[in-house]
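**Student:** The structure follows.
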Amino acid sequence: MREFTQPMIVSNLCPHCKRSHDVIVETADFEAWKGGKPIQDAFPYLAPSLREILMTGICGECFDKLFPPEEE
């Protein structure tokens, strides 16, 4: 498990289900992302669903409903 040196909690409200979701990140990583660093480079330790919450606020459950996997 990653140990955070200067953690911060980022809270976003999903625009679809209206639930609040918290994501814990390093303060320096958050500042780097806001400064233009690609999100996957700023937060390699976060799952893609958590990075989506940071970018758009959309939670994983709602994302899956909005964008279901394509059938082959």
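**Student:** Please identify the GluC sites (Glu not before Pro) of the range 1-46 that satisfy two criteria: DSSP loop assignment and at most 13 other Cβ atoms within 10 Å. Which are they?
**Tutor:** Glu3
**Student:** If the reach is capped at under 26 angstrom between alpha carbons, list the lysines near Lys65, excluding any in the same chain fewer than eight residues apart.
**Tutor:** By straight Cα distance, Lys65 reaches Lys18.
All of the numbers you see were taken from the coordinates with simple rules; none came from a lab. This is a predicted model, so every value here is computed, not measured. Note: ideal-geometry Cβ built from the backbone for every residue, glycine included; neighbour counts use all protein chains shown.
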